[in-house]
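The values are calculated or read from the model by the stated rules, or taken from the named source; none is laboratory data. Just so it is clear, the structure is predicted and the values come from calculations on it, not from any experiment. Note: ideal-geometry Cβ built from the backbone for every residue, glycine included; neighbour counts use all protein chains shown.
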Amino acid sequence: MPVDVGLAKLSNDLIAGGIVAYALGFLGFAIDAAYGNHAPGAAKPAPADAAVARVPAMAGAVSGAPTPTHADAASAAALADGGRTSASGLGLARGGSGNAGFTRRIGIAAIAVTLIGWLLQAGAIASRGFAVHRMPWGNMYEFTLALTFASVTAFLVILARQPVRYLGVFVMTPVVLALGLAVLVLYVPAAPLMPALHSYWLAIHVTAAVIASGVFMVGTAATVMFLVAERYAMATAAGKPVRFTALARMMPEPDALDRTAYRAFAFAFPIWTFAVIAGAIWAEYAWGHYWQWDPKETWAFITWIVYAGYLHARATAGWRGRNAAYVALLGFATIIFNFFIVNVFISGMHSYAGI
Amino acid sequence: MSETPARVEEVPTAEAFSKLDTVPDTPDELGTRQRAPRGTGDSIVHWLRWAWYTLTSMRTALILLFLLALASVPGSILPQRGGTDSFKVPEFYNAHPTIAPWLGHLGLFNVFGSPWFAAIYLLLFISLAGCVLPRSKRHLTAMRARPPAAPRNVSRLPLSASWVTSDDRDLTLERASEFLKAKHFRTDRTTSTVNAEKGYLRETGNLVFHLSLLVVLFGIAITSFYSYSGTALVKESQAFTDTAIDYDSLSHGPLVDVAKLPPFSFTLNSFDATYQHGGSANGDANSFDAHVSWQPNLQAPARDKTISVNHPLSTQGTNIYLTGHGYSPHFVIRDGSGRSYDEITPFLPQQGTFQYQGVVKLPDAKPSQLGISGFFLPTASVDPATNAPVSIFPAADNPAVVIGIYSGDLGLDNGIPQSVYTLDTSKLKLLTSVVMHPGDTITLPDGLGTVTFAGYQQWAAFQINHDPGKQVVLVAVSFMVLGLLFSLRVRRRRLWVRASADPAGRTLVEVGGLTRTDASGGFDDEFARLVAALRSSIAPLAGVDADDRSAVVNDSAVLNDRED
C-alpha cells in the first residue's frame, strides 16, 4: 500500500508540537524543583534520621489511628520525612505558603503541559503508523519516538501512583534531547519496510524493547538523582562542603530515589528479557537461527547481563547503594551504545537503521 | 544467582532475626551462602572446599557475569568466523596484517566459540548450579515447614501494631488465624500466637528462573550435538532432496548421521518478488514468495506451499527458510563442432546494485573450451554519465546480459578446485564483449560457434535447519520469564499475632510484620491494610487507648509461654 503523505506530514507537525510541550514541561519541572518547597529555614533532614524516624512513625500511625488507611500511612511516612516527599509530589500534603504555592502551581502546570505533549506524541506515532500501514517502529527515527513515548508514559504512570514530580526534570531532559536528535538527525520520510520486517513479531519484539528501554530510561534518571542526593547526604552528614548544593538540595531522600529506580528496573527487566526472547523467536522464523551473535543481539545480551548484575548487586552486601547504581548506569550505557553505535557503525543483520 | 547474599543486616531488630535464625530447617532467602570455613588445616579437601565455596559465592558469580558481558564485546565489534559477516575476516587480515594474526591467536575472530568464552560461561553455570540446587532442596523443605515461631517481643519488629480488645485470647487468636488464612497466609496457631507467612512464590520463581537457565544451557548443548544446517540454491523447476549431496554447504553436529537426514524433498515451481517503486527505498523488496511442491518422504503425495521470508516450511523438525533470490540467464551455445549446450546458470546478486554476476563454463566445447563471464541486468538501461549499461531495477522488466565470451583453457584440468562463480581468464582469450537481449544470437569468430541468450529463470536460496535443542530452549526461556515475574513481584513476608490476656478478661493484641525481600517497598502499606482489616474483626475495646500497655497486666507466665 502506498504511503499516505498527508498523514505522514501530520505526524511530523504533531511531533514538533509535542517537543514544544515537553520543553515547556521541562521548564516547569525545573522551576518547581529549583524553587519549590525550599522555604528558608526548612532544613532537609539527614537521610539517616529520616530512616530511623520513619519506622516508629509508621508503627505509631498504625497503632494510633483507629482506622489506618493508605493515605494515613503515606502521610505518616511523609511526616517522618519532614513532609518533603509529598510536598514535592502532586500536592497531597500541606503546602507551603506564598512562593511555595506558586511554584507548586507551576509544577502542576508542568504536568498538564507534559500530558498535552504526550497526547501530541501519541497522535504523531499513530498518524505515522496509519501513514505507512504498519507499526511505526521500523527505523531509528521511529524507534526514538516510541522509546521517548514509553519513557514519558512510564513517568506519568509513576506520577499517578506516587508523588514523584521531582523526577520530571531528569526524565524530560533526555526525552527532549532524544526527540530533538530524532527530528534533526535521525529523521527519514515515511516508507514501507523490507520483507524481513514483515512480521507480527516486529510488533511484539520491538514493542517490548521500546517499553523496556523507556522504563530503563526513567530508572536511569532516578539513579542519577540518587547518586547526586546520596553524595550530598553523605557529605553533609560528614560535615563536608558540597559543590552544586542547589542541585542536590532539590532532591528527595536517596532511599526514595533508590526505591523508585529499583521499581523501574525490576519492572523493565522481565520485559527486556521477553523482548530478547521474542527477538530470538523471530530470528528463528526469519533467519533460521534463534541466536547468531549478531552485534545487536550481542549488545541486547550484554544489557540483559548488566541489569541482571544490577538486580543481584542490589541484594548483595557491599554492592548495594552506589555500586549497584553504577551498574544500573552501565546498563543504560549499553542500551545507548546498542542504539547509536551498533546501529550506525557496526553492520549486522539488524541493518535497518535507515540513516 | 541467589537473589540475596549471605549476610544482610537491614532491619535493626536483632532479636527478631536471631529468633528467625534459630529455626534451622527453614532458612529463607537469606543465609543460604556461607563463608568458606577457615583454618581447619591445609589438606586438599579443605582447599577444594574453599574453592567450591568461592566459586559458588555471589561475588564470584557477579564477577563471572560481568566477565561474560565484557567477553561478548569484541565479538560484536570484530568480524566473526561463525557469524553472518565471516567474509569480512580475511578483509580484516588484509587491512591489518600486523595485529590480525595476534587477534586470531586470542580467538577474537571466533569469540563465541572460543575456549575462554566457554570457560567463563561454564564456570558461571557451575557456580549457578552450586548455588541453586542446594537452595532448591532447602526451599522444598521450607515449603513443607510450618511458619517460624513468633519472636518474644512482637512489638519490636520493624512494623507493629497493638490494641486492646474485650474478646478473650482464644477467640482473638481464632479470628486472627481465620483472617490470615483467608488472606492466603500459611498460618500456624499456638497457645498465645498466630504465626503466618506468605510469598513462597518469590523464592519458587527465583529458583525456577535460575534452574531454567541451566536448562537453556542443556538445550544449547543438544543443539551443538544434534543440529545440522545447510544452504541450497534451487532453480525454478529444479528439485531439492534432503541428502548431503544436494546441499551447497552443510554443517552438522558430531552426533548427526548425514547419511540419514529426513527424507523430504521439494521442487521450486516458481518465484515471485515485488519491489518498492520510487522514493528513497526504490528497488527494495516488498515481498519474496517461493512457490514449492514438497513431500515429507518419497512415498507421500506432493503438497503445495509458499515459502516466504518469515514463513518457513517445517517438516520433521526441519525448517526450510527462504534466504535469497536471483536470476539464471539461459544460454544456448553451439560450439564449432555443432554440438549444442543448454546452460541455465545462477548469477548472484551484487551488493548495492540491481545486477547479478556469474559465469558459464563449457569445458567440453570443441575445438576450444568456451567461457562466459558477465552480468545479468533485470531492468537494463544506459547510464547517462558513462554510457555503460546498468540495471535500474531488480524486477525483470527489461532483461539483458552484458557478457564477455572467452575461448582457450578454462584451467579446470589441473585438478585445483575453482569457484563456479568466477572465471580464471589467465589462459583465456576474450573473443567479444556484447550486450544481449532475450532471443539475440551472436556468432563467434574463427568458427568457434554461436551463443544465444534464450531468456532467464529465477532461483531461490534456501537455508535448511534442523535443531532439536530449540524446543528445549523455548520452554526453558518461557519458564525463565514466568519465574522472573514471580521473583520480582512477590514479596516474602511474615506476620505474627500475639494475644496476651489480663485478669480483667481483656486481651492485648500485638501484630508484628517482617519482610526481608521488599526491595521495591510497599510492605508497610500492606501491613497497615492488613492490620486495619484485622481490627475490624477483632474489635478494639471502647474507651481504652490502644497503646496503653498499663491497661494490661503483664502476666509473666503468659509472656514466657513458649510459642511452639
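Annotations for the structure displayed:
- Qualifying position, being at the interface with chain B (Cβ under 7 Å from one of its Cβ atoms), part of a helix (DSSP H, G or I) and modelled with pLDDT of 85 or more, among A:282, A:272, A:299, A:304: A:299
- Inspection of region B:197-214 identifies no residue that is part of a strand (DSSP E or B) and under 22 Å from the mean Cα position of the chain (by Cα).
- Within region B:292-299, not a single residue is touching a strand residue (DSSP E or B) at 6+ places or on another chain (Cβ under 8 Å) and either on the phi > 0 side of the Ramachandran plot or in contact (Cβ under 8 Å) with a residue 40 or more places away in the chain (or both).
- Residue under evaluation residue B:265, criteria (1) surrounded by fewer than 14 Cβ atoms within 10 Å (Cβ to Cβ); (2) out of contact with any helix residue (DSSP H, G or I) (no Cβ under 7 Å at 6 or more places or on another chain), criterion not met: (1)
- Matching option when the condition is under 30 Å from residue B:322 (Cα atoms) and not small (Gly, Ala, Ser), among B:525, B:446, B:467, B:440: B:467
- Residue in region B:399-417 that is buried (at least 16 other Cβ atoms within 10 Å of the Cβ) and touching a residue at least 60 places away in the same chain (Cβ under 8 Å) present: yes
- Per-region count, region B:262-282, residues part of a loop (DSSP other than H, G, I, E, B), in contact with a strand residue (DSSP E or B) (Cβ under 6 Å, 6 or more places away or on another chain), within 14 Å of chain A (Cβ to nearest Cβ) and hydrophobic (A, V, I, L, M, F, W, C): 0
- Selected residue (criterion: surrounded by the fewest Cβ atoms within 10 Å (Cβ to Cβ)) from residues of region B:308-341 that are facing another protein chain (nearest Cβ under 10 Å) and not in a strand (DSSP E or B): B:310
- Annotation: of all residues in region B:453-464 being facing another protein chain (nearest Cβ under 10 Å) and crowded, with 22+ Cβ neighbours inside 10 Å, the one that is farthest from residue B:220 (Cα to Cα) is B:462.
Per-residue answers, yes or no, for (1) at pLDDT 85 or above; (2) buried (at least 19 other Cβ atoms within 10 Å of the Cβ); (3) of a type outside the set (Phe, Trp, Tyr):
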position	(1), (2), (3)
B:102	yes, no, no
B:105	yes, no, yes
B:111	yes, yes, yes
B:114	yes, no, yes
B:164	yes, yes, yes
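- Qualifying residue in region B:238-251 (condition: within 14 Å of another protein chain (Cβ to nearest Cβ), assigned to a strand (DSSP E or B) and over 20 Å from residue B:459 (Cβ atoms)): yes
- Test: residue in region B:209-219 that is within 14 Å of another protein chain (Cβ to nearest Cβ) and of a type in the set (Ser, Thr, Tyr): yes
- Out of B:478, B:500, sole residue that is buried (at least 18 other Cβ atoms within 10 Å of the Cβ) and more than 30 Å from residue B:249 (Cβ to Cβ): B:500
- Qualifying positions in region A:159-213 - assigned to a helix (DSSP H, G or I), within 13 Å of the chain's Cα centre (by Cα) and within 13 Å of chain B (Cβ to nearest Cβ): A:212
- Residues of region B:304-330 that are on the phi > 0 side of the Ramachandran plot and free of Cβ contacts under 8 Å to residues at least 40 places away in the same chain: B:310 alone.
- Within region B:130-187, the set of residues being part of a strand (DSSP E or B) and more than 14 Å from chain A (Cβ to nearest Cβ) comprises B:186, B:187.
- Condition broken by residue B:525, with the remaining ones in (1) at pLDDT 90 or above; (2) within 44 Å of the chain's Cα centre (by Cα); (3) facing chain A (nearest Cβ under 10 Å) satisfied: (1)
- Flag for residue B:433 being at pLDDT 90 or above, in a strand (DSSP E or B) and in contact with a strand residue (DSSP E or B) (Cβ under 7 Å, 6 or more places away or on another chain): yes
- Taking the criterion of being within 13 Å of chain A (Cβ to nearest Cβ) and either surrounded by fewer than 14 Cβ atoms within 10 Å (Cβ to Cβ) or of a type in the set (Lys, Arg) (or both), the only residue of region B:283-305 that qualifies is B:287.
- Residue under evaluation residue B:218, criteria (1) modelled with pLDDT of 90 or more; (2) buried (at least 18 other Cβ atoms within 10 Å of the Cβ), criterion not met: (2)
- Residues located in region B:61-79, provided they are more than 9 Å from chain A (Cβ to nearest Cβ) and surrounded by fewer than 18 Cβ atoms within 10 Å (Cβ to Cβ): B:63
- Scanning region B:156-177 for residues that are closer than 18 Å to residue B:493 by Cα and in contact with a helix residue (DSSP H, G or I) (Cβ under 8 Å, 6 or more places away or on another chain) yields B:156, B:157, B:158, B:159, B:160, B:161, B:176.
- Residue B:495 vs. criteria assigned to a strand (DSSP E or B), modelled with pLDDT of 90 or more, of a type outside the set (Val, Ile, Thr) and within 30 Å of residue B:157 (Cα to Cα): yes
- Total residues in region A:317-339, condition touching a Lys or Arg at 6+ places or on another chain (Cβ under 7 Å) and either facing another protein chain (nearest Cβ under 8 Å) or surrounded by fewer than 22 Cβ atoms within 10 Å (Cβ to Cβ) (or both): 2
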